[in-house]
1. Within the range 407-441, can you find the residues that are among the small types (Gly, Ala, Ser) and closer than 14 Å to LEU378 by Cβ?
2. What are the residues in the range 351-376 that are open to solvent by 70 Å² or more (accessible area, probe 1.4 Å) and in contact (Cβ under 8 Å) with a residue 40 or more places away in the chain, if any?
3. Being under 16 Å from ALA501 (Cα atoms) and modelled with pLDDT of 85 or more, is that true of even one residue in the range 572-585?
4. Going by the structure shown, is ALA70 open to solvent by 60 Å² or more (accessible area, probe 1.4 Å) and at pLDDT below 90?
5. Could you please give the count of residues in the range 426-449 that are open to solvent by 10 Å² or more (accessible area, probe 1.4 Å), under 15 Å from TRP158 (Cβ atoms) and hydrophobic (A, V, I, L, M, F, W, C)?
6. Within the bounds of the range 147-163, is there any residue that is in contact with a Ser or Thr (Cβ under 8 Å, 6 or more places away or on another chain), closer than 22 Å to PRO294 by Cβ, modelled with pLDDT of 85 or more and crowded, with 20+ Cβ neighbours inside 10 Å?
7. Among the numbered criteria (1) at pLDDT below 75; (2) buried (at least 16 other Cβ atoms within 10 Å of the Cβ); (3) not aliphatic (A, V, I, L, M), which single criterion is violated by GLU471?
8. When you scan the range 526-563, how many residues do you find that are among the small types (Gly, Ala, Ser) and at pLDDT below 80?
Amino acid sequence: MTAWFSLLFVFIVPTADLGLRLLGLPSAAVFAGDLVLLAFGIAWPHRSGWRWPGLRALTPAVLNCVALAAAIYVLRACAFRFSPFGENIYDLHYIVSLVQAQQWPAAELWNPGSVITHYYYLGFYIVAFYTRLLGLHPGIGYALFLILIPVLVFANYWAVLRGAFVFRALAAFTATFPATGLSALVASGALPIAEHLRGMAHVRLPEWADLATGGWLAQVASGDAYPIESLAHLIGWLGDLHPPVFTFLLLAIVIGALFGEVGAEPHVRGAVRVQLDAAPIAAAAVPLSFALNPWTLPCFALLGAYAMLRRREAGDVQAGLLGAGGALVLLLPLLLSLDLPTGSVSLAWLPAERRSTIPLFGLVWGPLLCVSLLLALLRLRLTMVLPFIAMVVGLEILLMDDPYAERYERFNGVLKIGSLALAGWTAAVLLLAARDARRWLQVLVLTPLLALSVLQLVDALAPSARVPMRERNWALQPQRMLQREDHRELYAALSSQCPGATLERRQHNAYTDSPLVSTLLGWPTYSGWSAHLSQIGAMDEAERRRSDAMQQWFERPDAASLRALSIRYVLVDRSLGWDARTVQAHARALAPAFRFEQVSAAAVTPVIGYFVASAPCVPDATAGAAPTTRSMR
C-alpha cells in the first residue's frame with residue numbers, strides 16, 4: 001500500500017486543495033474538503049482488508065529511509081547552491097508565489113499584475129501546499145522536498161522488493177538513482193570531458209561529442225546534445241525541484257502498484273493476502289502526469305494502458321477508467337484555468353541521420369539490454385519491461401518536435417521520456433530478479449546496475465563531498481542560496497524594510513538571470529527570468545520587451561518609469577561595476593523621488609546598495625504577505 005499512500009498524500013490531496021481554491025471556495029471549506037478526501041483515502045485500503053504492518057515489519061524500511069535522508073542532507077549541507085545549469089530560482093519563485101497567494105489563480109511574483117496560468121505548476125503547488133500547512137519558509141520547504149522526493153521513491157521500491165535485507169536496500173537504492181552505460185566510461189576517464197560539465201555528462205546520451213575533449217569514444221559519440229537525467233543529477237547535483245522530479249516519484253508509485261498487486265506486500269488478514277489493484281493507480285497517473293509535465297504523458301499513457309490491458313479483464317479496464325476519471329475531476333479546475341502556449345509538439349519520423357548509431361545506442365543502454373536478455377533466457381516474464389523498451393526504441397523512430405527548442409528538436413523528448421525509461425527499465429529488471437528465488441540471479445542482475453549508479457554518484461557528487469568541514473552549513477535557512485557577498489548584504493539590509501516591488505540587477509548570463517534577493521524576500525519584482533519565461537511562447541514578445549526596458553533603466557534612470565510600475569526598491573549589486581560617481585549621478589537623476597542607501601561599508605569601488613522611494617511605505621497585501629521577513633532571519 002506504499003504506492004497508494006504516496007499517491008494520496010503527495011498528489012491527490014494537494015491537487016484537490018488546489019482545485020477547490022481555484023473554484024473560489026473559502027479556506028475553511030477547502031480545509032474541510034481536504035480532510036474528507038484524506039479520511040476516505042486512508043479508509044479505502046482498510047475496507048479491502050489491509051491493516052497497518054507491525055513495528056517489526058516497518059523498522060527496516062524506516063531505518064533505510066532515514067539513512068538515505070541523512071546522506072542527502074549531508075550532501076546538501078556541503079553544497080546547497082543554485083547551479084548555473086539548473087532552474088532552482090525559477091522553481092522557487094513559483095513556490096513563493098503559490099505560498100503567498102491570497103487569491104486564485106495565484107499572483108505571479110516575477111511579473112506583478114499577472115497571475116500564474118502560463119505554466120504547468122502542479123509540482124510546485126505540492127511543495128507550496130505542505131510549506132504553507134507546516135508554516136515553513138518556502139526556501140526551507142524547497143530544501144526539505146529535495147530530501148523527501150528520493151526518499152519516497154526509495155520507499156516505494158523497497159516496499160515491493162523481496163529478498164535479503166542487503167539486497168533489498170541496494171536494489172531500491174539502484175532503482176532510485178539509475179545510470180546509463182556512460183557512467184563508468186566518464187567516471188573512469190575513458191571519455192574525457194570538460195571539468196565543469198562532469199555533473200551532467202554521465203547522465204546524457206553520448207550525442208554530446210562536441211563537449212568531449214578527446215579519446216576514442218569521442219569519435220563514436222557524435223551528434224547534438226540530448227541529456228538523460230536521473231534523481232542523482234536533478235537533486236544531487238543541480239538541486240532542482242523542476243516538474244520532472246515529481247514524475248520520477250509518480251513513476252515509482254505506478255511501478256510499485258504494478259508489482260505490489262501480485263502480493264509483494266505480505267500484509268495478511270486471516271488467510272487472505274491483500275492485493276493492490278494497480279489499474280486505477282496507473283490510470284490516475286496519466287492525467288496527473290500531464291499536469292506535472294505534459295512531456296511525460298506518453299510514458300504514463302503507455303503504462304496506464306498496460307495496467308488496464310495486461311490481464312485482459314474487463315474489471316481492470318473499468319477500474320482504470322474510474323481512476324483516470326477521478327484524477328481528471330480533481331485536475332479540472334487547474335486545467336480549465338491554464339492558458340498554455342498555443343504551439344504544440346508535432347510527431348514525425350526521425351531522419352536516419354539523427355538516430356543513434358548502434359555503438360552509440362549500446363554504450364547507453366547496453367547494461368540494461370544485457371540484463372534483460374539474461375532474464376529472458378531464464379524464462380522470466382518480461383512484460384513489465386516491454387513498455388520501457390518501447391519508449392527507448394520509440395525515441396529512435398519518432399521525432400517529438402518542440403517548436404520552442406530551436407535547433408535542439410530532440411532535447412525535451414529524450415530528456416523527459418528517455419529519463420523515465422531509464423528509471424522504469426532499471427526498476428523493472430531489479431524487481432523481476434527479486435521475485436526469483438535464485439540468489440545468484442539477484443546478485444548477477446544487481447551488481448552491474450549498482451556499479452553504474454555508484455560511479456555516477458561518485459563522479460557527480462565528489463566535488464561537494466570534498467568541501468572542508470568548516471565551510472559546510474548544516475542549517476536549512478534560505479539565505480544559503482545567496483552565494484555572493486553583495487547579495488547577502490542586500491538581503492540583510494532589506495529584511496527589516498517595508499515590503500515593496502523591486503527592480504533587481506541580474507547577472508549577465510542569459511540562462512542564470514535570477515532576482516535572488518527579491519525572491520527570497522518574497523517581494524514582487526519586475527526582474528523576472530525573462531530568458532526562460534520567453535520560452536513559454538505565449539509571453540515571448542512581452543517578456544523580451546520587459547527585459548529590454550529593465551536593463552535600459554540601469555543606463556538611463558527614470559523616476560517616472562519606476563513610479564508607473566509602483567517600484568519601491570532598485571537593488572544595485574557589484575555585477576554592475578558602478579563606482580561612487582555613477583551612483584551619485586543616478587541619485588541626482590532620481591531625486592527627490594528616490595534616495596540611495598549604502599549597504600557595503602567598504603570605501604573601495606564598486607559600491608552596493610539600493611534606491612528606495614522617498615514616499616511613505618504603504619504595505620500591499622500581495623507584497624511580502626508570506627513569508628514574513630521575521631521568519632526569514
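The values are calculated or read from the model by the stated rules, or taken from the named source; none is laboratory data. Since we're looking at a predicted model, the values are computed, not measured. Backbone-built Cβ (ideal geometry, glycine too); neighbour counts: all protein chains shown. Note: accessible area is taken over every heavy atom of the protein model, side chains too, but ligands, DNA and RNA are not part of it. Shrake-Rupley method; radii C 1.70, N 1.55, O 1.52, S 1.80 Å.
1. Just the residues of the range 407-441 that are among the small types (Gly, Ala, Ser), to begin with: 413, 418-419, 421, 423-424, 427-428, 433-434, 437.
Answer for the range 407-441, where residues must be among the small types (Gly, Ala, Ser) and closer than 14 Å to LEU378 by Cβ: ALA433, ALA434, ALA437.
2. ARG355, PRO359, CYS370
3. Here is the first cut: in the range 572-585, the ones under 16 Å from ALA501 (Cα atoms) are 572.
Then drop every residue that is not modelled with pLDDT of 85 or more, which leaves 572.
Taking every residue of the range 572-585 in turn, at least one turns out to be under 16 Å from ALA501 (Cα atoms) and modelled with pLDDT of 85 or more.
4. Working: open to solvent by 60 Å² or more (accessible area, probe 1.4 Å): no; at pLDDT below 90: yes.
So ALA70 does not fit the description; no.
5. Of the residues in the range 426-449, 1 are open to solvent by 10 Å² or more (accessible area, probe 1.4 Å), under 15 Å from TRP158 (Cβ atoms) and hydrophobic (A, V, I, L, M, F, W, C).
6. yes
7. (2)
8. Step one: filter the range 526-563 for residues among the small types (Gly, Ala, Ser), giving 527-528, 530-531, 534, 537-538, 542, 547, 549, 559-561.
Right, trim to at pLDDT below 80 and you get 528, 530-531, 534, 537-538, 542, 547, 549.
The total comes to 9.
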